[in-house]
Amino acid sequence: MNLDLLIKNGRVVFPYEGTTKADIGVKEGRIVAICADAKESRAEKVIDVHGKFLLPGMIDSHTHMGLGSNIENEYESESKSAAIGGVTTMMSFTNCKTSYSDHFKTEKRIGEQKSIIDFALHFGFMNDIHLQEIPKYIEEFGVTSFKFFMNFRGEEGKYMGVEGIDDGYMFDLFVALSKYPESCAAVHAENIEVAWRLRERLIAQGRDDLIAWTESKPCFVEVEAIQRALFYAGIANCSVYIPHVTTREGLNVIRDYKRRKRKVYCETCTHYLMFHAESGLGTIGKVNPPLRDQSDVEALWVGVADGSIDCVTSDHVARKKEKKIGTIWEAAAGFPGLATTLPILLSEGVNKGRFGIERIAEMNNNTAKIFNLYPRKGTIRIGSDADFAVIDLDLEKEVKVEDLKSACDYSLFEGQKIKGWPIMTIVRGKVVMDNGEITVEPGYGVFLNRSVQKK
Ligand SMILES: [Zn+2]
């Protein structure tokens, strides 16, 4: 068999198996051979990675396309930024107040025309039409993960244009999804009713600083909401994914449910591992949920290392700096992170000895399994897509915004020295990023259909 691509001399990181020196053969975008010493004459193209680490391509399951500018531009610019960070699959949370039927077709088409890496979607759930259309979303559209915002209620709901969703709605969602055991509800866990009142009080006191933003949403509003979501999900027997866990206590609640063998998964994001409320970021650091304190930061690193946190994501939003000004109450929440998530894990996690590089491969594997992308994505084995991040653990580089290729005009990590970078990103056997340059045209990415069976 002739290969399309042969990757020679990689230190291949096989999730949950270990790291081995191996050559990898690729044909028609898939891995067809893994062996000790392949003959170069059998391949159209040979890439010698000279003993560099080869990770399964990074899956970032938490991104928001189209919140910074128009969505067409962002599928292009932000997918390029993703490729800079070794990301080969991005999953975007999309929201629509009516049926997803037209919305889905439009966003899928835009992604297919513009994205340079593969992509999938999560749908935000906010009305009864969405509940009724679950079978269509899962079986026809191949979308198997749905986000419920516990904070879109009362005043906060009206402000977002959403009315009438509450814990009863959340429970109905869990019951409906339990008919599809492999599907998953992603729950934004926050008690907004408590947060709203605290916020009014802080505003009345004249507070206007990043710490006030954190004080308006204290740890317990997250912890209580996680408990409530997991309690109802347990009754309905539905899989739940808690995005952006920020607190030690919230993580402990999740650990407890995992011990009881409940189908509970969680992520944290790079910014919660790297900053706290007093890091001095100002309005740039405004994010939902807010940054916490140093002890939470440490607890989250422990959670990443010990496996109680399943994956680390970016919660990428490409909102420009001009949206991040005004008072802390006016500034927009969120920031970009697609290009820096893997480098931060390499620099702060692997190179600082918090965990081995194998842990990063495992987290990718977890993401693929939680979101029905496995075994196509998130692993290195025969038949899987040939998605890789080639890693230079010794490469030290200062973060420069223009190098990140995002449409966004800043990065939280600007000026920081990071040691450990992806130097090449490969999607389905094609090099999409080589030494910081994008090497593929927009539209190379494909939509990933994840449809699963009804029980
Ligand atoms: Zn988000």
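The values are calculated or read from the model by the stated rules, or taken from the named source; none is laboratory data. Keep in mind that what you see is a predicted model, and the values were worked out from it rather than measured. Positions of Cβ are generated from backbone atoms using ideal geometry, with glycine treated the same way; all protein chains shown enter the neighbour counts. The protein model used for the area step is the full one, side chains on, heavy atoms only, and it has no ligands, DNA or RNA in it. Shrake-Rupley method; radii C 1.70, N 1.55, O 1.52, S 1.80 Å.
If I compute solvent accessible area with a 1.4 Å probe over the protein chains, what percent of it on the stretch 357-455 is carbon and sulfur? Show your work: numbers first, answer last.
Details: 1690 of 3960 Å².
Whole-percent figure for carbon plus sulfur exposure: 43.
Using the 1.4 Å probe convention, the accessible area of the stretch 118-258 works out to 37 Å² per residue with neighbouring protein chains retained. Surface composition of the stretch 158-248: carbon and sulfur make up 54 percent of the accessible area, probe 1.4 Å.
The stretch 265-280 and the stretch 102-161 have Cα centres separated by 26 Å.
Applying 1/(1 + (r/R0)^6) with R0 = 41 Å to the Cβ-Cβ distance of residue 131 and residue 72 gives a FRET efficiency near 0.85. In terms of packing, defined here as the mean over residues of other Cβ atoms within 10 angstrom, the peptides 142-149, 294-301 line up highest first as 142-149, 294-301. Reducing the stretch 170-243 and the stretch 4-54 to their Cα centroids gives an inter-centroid distance of 43 Å. Using the 1.4 Å probe convention, the accessible area of the stretch 314-370 works out to 30 Å² per residue with neighbouring protein chains retained.
Annotation: for a label point projected 7 angstrom from Cα along Cα→Cβ of residue 42, residues of the stretch 382-397 with backbone N closer than 19 Å are 382-387.
Sorted by mean Cβ packing within 10 Å, highest first, what order do the peptides 16-27, 415-426 take?
The peptides rank, most packed first, as 415-426, 16-27.
Accessible surface calculations at 1.4 Å, restricted to protein heavy atoms, place the stretch 1-49 at 54 Å² per residue. Taking 0.36 nm per residue of separation and subtracting the current Cα-Cα distance, fully stretching the chain between residue 453 and residue 410 would add 11.2 nm.
Backbone amide hydrogens, once placed in the peptide plane, bring residue 432 within less than 5 Å of 425, 426, 427, excluding anything fewer than 5 places away on its chain. Please work out the C-alpha center-to-center distance from the stretch 434-455 to the stretch 289-306 and express it in whole Å. After rounding, the separation between the Cα centres reads 31 Å. Along the Cα-to-Cβ line of residue 395, 7 Å from the Cα, sits a label point; which residues in the stretch 74-103 have backbone N less than 13 Å from it? In the stretch 74-103, the label zone of residue 395 (backbone N under 13 Å from the point 7 Å along Cα→Cβ) covers 83-87.
Normalised by the number of residues in the stretch 358-455, what is the relative contact order in percent for Cα pairs under 8 Å and 6+ residues apart? Intermediate results must be reported in sequence, preceding the final value.
Values: 121 pairs, mean separation 23.0, N = 98.
In percent, rounded to a whole number, it is 23.
Of the beta bridges DSSP finds with both residues in the chain, what % are antiparallel, to the nearest 5? Before the final figure, lay out each step's value.
Values: 32 of 69 bridges.
Of all bridge pairs located within the chain, approximately 45 percent are antiparallel.
Less than 5 angstrom separates the built amide H of residue 416 from those of 399, all sequence-distant by 5 or more or on a different chain.
Note on the stretch 1-143: with neighbouring protein chains present and a 1.4 Å probe, carbon and sulfur make up 45 percent of its accessible heavy-atom surface.
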